[in-house]
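Colleague: Pasting in a structure now, in structure tokens, and then I'll have a few things to ask.
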Amino acid sequence: MFAQKMTLDIRKQLLKANTAVADGGVIAYPTESCFGLGCYPKDSQAVKKILRLKHRPASKGLILIGCDFAQLQPYIKKLPDYLIEKMLASWPAAVSWLVPAAPWVPKWLTGDSDKIVVRVPDHKFARELCRSCDYALVSTSANRSGQKACRTTTQVKKIFSKEVDYIVDLSCGKAIKPSTIIDVETDRIIR
């Protein structure tokens with residue numbers, strides 16, 4: 001298991017990232033294909049900061065990542081078992097599912113939709129980050145809207161060093177494209 005093989009450096013980075021998020025901050029961390037900007041999803045100010053940093057309209061909504069389905073489940077409206085099984089069979093992976101959002105989920109996460117995008121990433125550090133925080137995290141690519149997503153710590157620092165609260169200094173996965181987004185109810189590929 002990743003947790004057993006973590007170096008002291010990785011443990012320190014997890015602690016610093018967790019502290020930044022717990023304090024209402026925004027972090028940059030590696031995922032399967034690029035760095036993500038993340039925060040605690042229920043913190044409206046942190047989410048608004050991410051949207052400002054990216055120059056992203058709030059109407060688009062955001063992706064949540066979790067270490068497992070249990071972390072994501074509170075954000076999802078009750079689904080039939082066969083849809084849950086479909087999602088579980090695809091994870092961990094760079095596959096995100098567009099699902100009906102639970103009624104309480106705020107518009108700063110869903111945007112103009114009544115759905116939310118969720119994923120259990122196929123990046124060990126990203127999953128461990130959610131596990132160690134003990135909750136799902138916002139995950140949106142680290143870039144300004146319309147620009148290429150950052151794939152290295154150096155790129156993230158060049159754009160966001162004075163604007164985010166912590167940057168994890170680890171590598172992204174080998175995926176070339178961002179996660180595929182599929183509507184869980186229709187199987188329509190969104191991205």
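Readers should treat all values here as calculations from the given coordinates under stated rules, not as data from a laboratory. Only a predicted model underlies this, so the values are computations on that prediction, with no experimental measurement involved. Because the Cβ atoms are built from the backbone with ideal geometry, glycine has one as well, and the counts that use them run over all protein chains shown.
Colleague: Any idea which of (1) touching a Gly at 6+ places or on another chain (Cβ under 8 Å); (2) among the β-branched types (Val, Ile, Thr); (3) surrounded by fewer than 18 Cβ atoms within 10 Å (Cβ to Cβ) is the one residue 21 doesn't satisfy?
Modeller: The number of the failed condition is (3).
Colleague: Quick one: would you say residue 14 is among the aliphatic types (A, V, I, L, M) and part of a strand (DSSP E or B)? It would help to see each step written out before you state the result.
Modeller: Details: among the aliphatic types (A, V, I, L, M): yes; part of a strand (DSSP E or B): no.
The answer is no for residue 14.
Colleague: Ok, one more. Which is within 12 Å of residue 29 (Cα to Cα), in contact (Cβ under 8 Å) with a residue 12 or more places away in the chain, assigned to a loop (DSSP other than H, G, I, E, B) and not acidic (Asp, Glu), of 139, 171, 145? Please lay out each step first, then the result.
Modeller: Details: 139 fails: assigned to a loop (DSSP other than H, G, I, E, B); 145 fails: within 12 Å of residue 29 (Cα to Cα).
That would be 171, the only listed residue that is within 12 Å of residue 29 (Cα to Cα), in contact (Cβ under 8 Å) with a residue 12 or more places away in the chain, assigned to a loop (DSSP other than H, G, I, E, B) and not acidic (Asp, Glu).
Colleague: Another question, if that's okay. Please pick out the residue among 83, 79 that is assigned to a loop (DSSP other than H, G, I, E, B) and closer than 19 Å to residue 184 by Cα. Steps first, answer last, please.
Modeller: Working: 83 fails: assigned to a loop (DSSP other than H, G, I, E, B).
After ruling out the rest, the residue left standing is 79.
Colleague: Farther than 23 Å from residue 7 by Cβ and either among the small types (Gly, Ala, Ser) or buried (at least 18 other Cβ atoms within 10 Å of the Cβ) (or both): is that true of residue 110 in this structure? Let's see the steps before the verdict.
Modeller: Details: farther than 23 Å from residue 7 by Cβ: yes; either among the small types (Gly, Ala, Ser) or buried (at least 18 other Cβ atoms within 10 Å of the Cβ) (or both): yes.
Spelling it out, residue 110 is indeed farther than 23 Å from residue 7 by Cβ and either among the small types (Gly, Ala, Ser) or buried (at least 18 other Cβ atoms within 10 Å of the Cβ) (or both).
Colleague: May I ask you to verify whether residue 111 is of a type outside the set (Ser, Thr, Tyr), at positive phi and touching a Leu at 6+ places or on another chain (Cβ under 8 Å)? I'd like the intermediate steps shown before the answer.
Modeller: Details: of a type outside the set (Ser, Thr, Tyr): yes; at positive phi: yes; touching a Leu at 6+ places or on another chain (Cβ under 8 Å): yes.
In short, yes.
Colleague: Can you name every residue in the stretch 61-73 that is over 18 Å from residue 132 (Cβ atoms) and in contact (Cβ under 8 Å) with a residue 40 or more places away in the chain? Spell out the reasoning first.
Modeller: So the first thing to find is which residues in the stretch 61-73 are over 18 Å from residue 132 (Cβ atoms), and the list is 61-63, 73.
Once the filter is applied, which keeps residues that are over 18 Å from residue 132 (Cβ atoms) and in contact (Cβ under 8 Å) with a residue 40 or more places away in the chain, the stretch 61-73 yields 61, 62, 63.
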